[in-house]
Amino acid sequence: MASTPSSEVAKQPAAHKLPWSEIIAFAAIAAIVVAGVLAGVLAGASPQGILTNVGFYASIAIIFAILALGFNLQWGYTGLFNAGIAGFYLIGAYTMAIAITAPSPPIVIGGIPVYPGHLGGYSLPLAVGVVLAMLASGIAAAVIALPALRLRADYLAIATLAFASILQIFANNLQSVTGGSIGITGIPKPVEFQSADAPFLNAATIVGIGSLVLLFLLLLLQFMAESPWGRVLRAVREDEEATMALGKNTFNYKLQAFALGGALMGLAGALFAVTLGYVSPSSSFAPAVTFSVWVMVIVGGSGNNRGAIVGGFLIYGLEWLSVQLKDYVPIALAAGFVTIRGLLIVVGFIASISAVVLVLLSRHRPTSAWHRVMQRIQERGLARNGVIGAIALYGLGWVFVLLEQYAPGAIGDTIFYIRLMFIGVLLILLIIYRPEGILREQKRVLR
Amino acid sequence: MIAVAVVAGLAFVFGIIILQYAMGGLVVSSIVIVAAIGLTVLYGIRGFANFAYGDLMTLGAYLALLLSLNGLSLVWGAIVSFLVLAIVGILLEVVIFARLEGRGPVPPIVASVGVALIIQNGIRAVAGTTERIYPVPATENVVIVPGLGIHPISGILTLVVGISFVLSAHVLLKYTNLGKAMRATADNLELAKATGIDTKRVTYAAWVVSSSFASTAGILLGLGTAVKPTMGFDVLLLIFAAVIVGGIGSPYGAMLGGLMVGLSQEMSVPFLVWLERPDVIGLQFGSAYKVAIPFIILIIVLIFRPWGIAGRRPAFARRSYFIERITRTLAGERGAIDTSPGEANGGR
């Protein structure tokens, strides 16, 4: 696949340069946490409440990092594009929930079924649940990959996307197994605390376990990537025909990588079930989860395990922050709303007009001194991007106007939609301008 | 003749109700076919699966809604939306997808998901998440025979528009120079360039056809049910299934695939309702699973004929892992019993 950067570009050795990419990435994560904590302080939350909240961020970010590691193994290393990450995640979460929860019979109040019950009630130990979740997701990944692996990348993408949607329908409707739209509740925690600060202690335990799992996975995946097995995966990604010609059964390698990635996603699902204490077929397993994981791997740098983890913490951080800020932004906006909107429209309009005029001037007066300045700008593609950016600003202003016109009360929810739009913009910009991500894949040379 | 006989036979065996489901299937098919032609034309020429296609449909539906709520009739709304979507298609190519040419199938897929997220959530932010319906006069079903009716707008109109779009796509592809150039480019880009076809122009034409068909399909979909932000993304898989079943990149395959997928989805409903009965397996919400039927067909086609039902078999098509194992086992077993094992692998 030509989609990932090849390692042929040999730059001069940069041994003594600071690792700016890493510094920027960690500074961004730190900034997100600080902003979230500040929002909590402004809301007047207790220190322990804020810490619990940060712990929640860390535990979900760890889960997303594991999802990203799984996808990185499939796509970053092997070039297999999975569009159904949410499906394997769902299988893991539900398997875990069914395996470890105590029996929960159907509830009927006054002849009306309130809760349909669900399969399971086996009360198995947590570790067994995790193993079962990984097995279930891994086997599902292998089965779905069997018909699609020999075909082009698009077929695998479509088949996995369809698989994930179907699974969500089943989770919603197959009540006797999944508990229907309510889902499965009462999933036991790793340790049941009884004291008043149980939420904090729970968050701390989950973060502790999650960090250990993540560290272990990182070391394991680094080792596997450096092993001959990992080398074959990268060879499959770069040129499958050549790898076949060298006598490797590429189909088997692809199947192994895809199933292993699926198993990692199942592990993430199992951790998710334990972290939340319940699973339901709601937005937790929506296609948006899949797209978020893509962004994480692309931002972090596909083919780089550390990058996948950084991407997970960064992109989930944005989501977490948008939830933290949701309560404050409308208040702040209500005061400055008209001003912001007006500024966006005026500035956007002037910028659009001037950018268009600049481009026209540069085209029609080729001899002027101005032209030379413009040529500099044009060489860097600044003019065109300037026009696009200015028009975007202008459009954003009008979005706010329309918003006030048609849905005045919806500004709080709008933050979520704007976040998802932002993820979309990020996907497009990254895939066009920086497909290698923040942390590039390490260059490997023959020794 | 055969069709009439099949219809009469079905009605005789299962009752007139099966024809009602078949009618529903035909209506769904005509929407899916319009969308599938648009998706597959773009795939043939640009070589990537456009995951934003469902949301282009939603965008078209909302544009028509916006215009029809502001005084224009829905017909004019549909025409304006058709034209606007054509421009949106060209803009998408110029601003985003032209930069990703020659980087394999995955980067454009990622970018198209980005476009999908922007359109879907932009619509949510601007128009809200409530379901809307088009301001069309409320009408009763037209009764053909007792027990078999069709709605004049969401039924007859959809069928007529669907058929006219199929015919116009056929005329465009078969009888115009542009259509011939499009088919040539889809067949072999390098060869088309070498024979002097302006492939850039063909690419833009493909975007225009693709996204304007999306607009009309979206409006038809909105007429049938309601207009909501996820309407397009929800049917995307159905359209992908139609495209793949018919053979990816082939407009005529898309027509066949759309028919198969739409009919099978709707006609599976009585079967799924039958499964709901306690003496069968007591399935809950059986008809919710109807969307899984196209997916099952998709998987079967991927296993047995990945180049599609109507598609041409590639010269060096590798057989799927499954088939290879199955034929080997079968051939081995048959070899022991039958005296002519040579036939087992010979069929094309």
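The values are calculated or read from the model by the stated rules, or taken from the named source; none is laboratory data. None of these values were measured; they are calculated from a predicted model. Heads up, the Cβs are rebuilt from the backbone with ideal geometry, glycines too, and the neighbour counts pull from every protein chain shown.
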Picked from segment A:140-153 (must be free of Cβ contacts under 8 Å to residues at least 12 places away in the same chain and under 15 Å from residue A:78 (Cα atoms)), the residue surrounded by the most Cβ atoms within 10 Å (Cβ to Cβ) is A:151
Within segment A:400-441, can you find the residues that are at pLDDT below 70 and not in a helix (DSSP H, G or I)? A:407
Within segment A:111-128, is even one residue in the same structural domain as residue A:209 (by TED's automatic domain parsing) and touching a Leu at 6+ places or on another chain (Cβ under 7 Å)? no
Do the conditions hold for residue B:96, that is, is it touching a residue at least 24 places away in the same chain (Cβ under 8 Å) and touching a helix residue (DSSP H, G or I) at 6+ places or on another chain (Cβ under 9 Å)? no
Check whether at least one residue in segment B:195-210 is within 22 Å of the chain's Cα centre (by Cα) and among the acidic types (Asp, Glu), and report yes or no. no
Among the residues of segment A:78-120, what is the count of those that are out of contact with any Lys or Arg (no Cβ under 7 Å at 6 or more places or on another chain), part of a loop (DSSP other than H, G, I, E, B) and within 14 Å of another protein chain (Cβ to nearest Cβ)? 9
What about residue A:131, is it part of a helix (DSSP H, G or I) and within 11 Å of another protein chain (Cβ to nearest Cβ)? no
For segment B:44-76, the count of residues that are among the hydroxyl-bearing types (Ser, Thr, Tyr) and at pLDDT below 90 equals 2
Here is a list: B:91, B:83, B:56, B:63. Which entry is in contact (Cβ under 8 Å) with a residue 40 or more places away in the chain, out of contact with any helix residue (DSSP H, G or I) (no Cβ under 7 Å at 6 or more places or on another chain) and assigned to a helix (DSSP H, G or I)? B:83
Go through segment A:176-186 and give me each residue that's farther than 18 Å from residue A:283 by Cβ and either away from chain B (no Cβ under 11 Å) or touching a Gly at 6+ places or on another chain (Cβ under 8 Å) (or both). A:176, A:186
Unmet criterion (only one of (1) surrounded by fewer than 24 Cβ atoms within 10 Å (Cβ to Cβ); (2) under 21 Å from the mean Cα position of the chain (by Cα); (3) farther than 20 Å from residue B:154 by Cα) for residue B:49: (1)
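Residues checked against (1) closer than 23 Å to residue A:252 by Cβ; (2) more than 19 Å from the chain's Cα centre (by Cα); (3) not aromatic (Phe, Trp, Tyr):
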residue: A:115; (1), (2), (3): no, yes, no
residue: A:127; (1), (2), (3): no, yes, yes
residue: A:139; (1), (2), (3): yes, yes, yes
residue: A:143; (1), (2), (3): yes, yes, yes
residue: A:147; (1), (2), (3): yes, yes, yes
Tell me, which residue of segment A:280-295 that is polar (S, T, N, Q) and over 8 Å from the mean Cα position of the chain (by Cα) is modelled with the lowest pLDDT? A:283
Per the filter on segment B:222-254, residues part of a helix (DSSP H, G or I), of a type outside the set (A, V, I, L, M, F, W, C) and out of contact with any Asp or Glu (no Cβ under 7 Å at 6 or more places or on another chain) are B:222, B:224, B:234, B:246, B:251, B:252, B:253
So, in segment B:96-114, exactly how many residues are within 7 Å of chain A (Cβ to nearest Cβ), in a helix (DSSP H, G or I) and not basic (Lys, Arg)? 8
Taking segment A:420-438 on its own, how many of its residues are closer than 29 Å to residue B:129 by Cα, facing chain B (nearest Cβ under 8 Å) and not β-branched (Val, Ile, Thr)? 5
Test for residue B:149: is it within 22 Å of residue A:302 (Cα to Cα) and modelled with pLDDT under 85: no
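So that you can scan it fast, the table gives a plain yes or no per residue for (1) touching a helix residue (DSSP H, G or I) at 6+ places or on another chain (Cβ under 9 Å); (2) part of a helix (DSSP H, G or I); (3) at pLDDT 90 or above:
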| position | (1), (2), (3) |
| --- | --- |
| B:153 | yes, yes, no |
| B:159 | yes, yes, yes |
| B:162 | yes, yes, yes |
| B:168 | no, yes, yes |
| B:172 | yes, yes, yes |
| B:184 | yes, yes, no |
| B:196 | no, no, no |
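For (1) more than 27 Å from residue B:199 (Cα to Cα); (2) touching a Gly at 6+ places or on another chain (Cβ under 6 Å); (3) within 14 Å of another protein chain (Cβ to nearest Cβ); (4) not small (Gly, Ala, Ser), each residue gets a yes or a no:
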residue	(1), (2), (3), (4)
B:125	yes, no, yes, no
B:145	yes, no, no, yes
B:151	yes, no, no, yes
B:156	yes, no, no, yes
B:175	no, no, no, yes
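This table checks each residue for (1) more than 14 Å from every other protein chain (Cβ to nearest Cβ); (2) without any contact (Cβ under 8 Å) to a residue 12 or more places away in the chain; (3) over 29 Å from residue A:186 (Cβ atoms); (4) touching a Ser or Thr at 6+ places or on another chain (Cβ under 9 Å).
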site	(1), (2), (3), (4)
A:267	yes, no, no, yes
A:273	yes, no, no, yes
A:280	yes, no, no, yes
A:283	no, yes, no, no
A:295	no, no, yes, no
A:303	no, no, yes, yes
A:308	yes, no, yes, yes
A:313	yes, no, yes, no
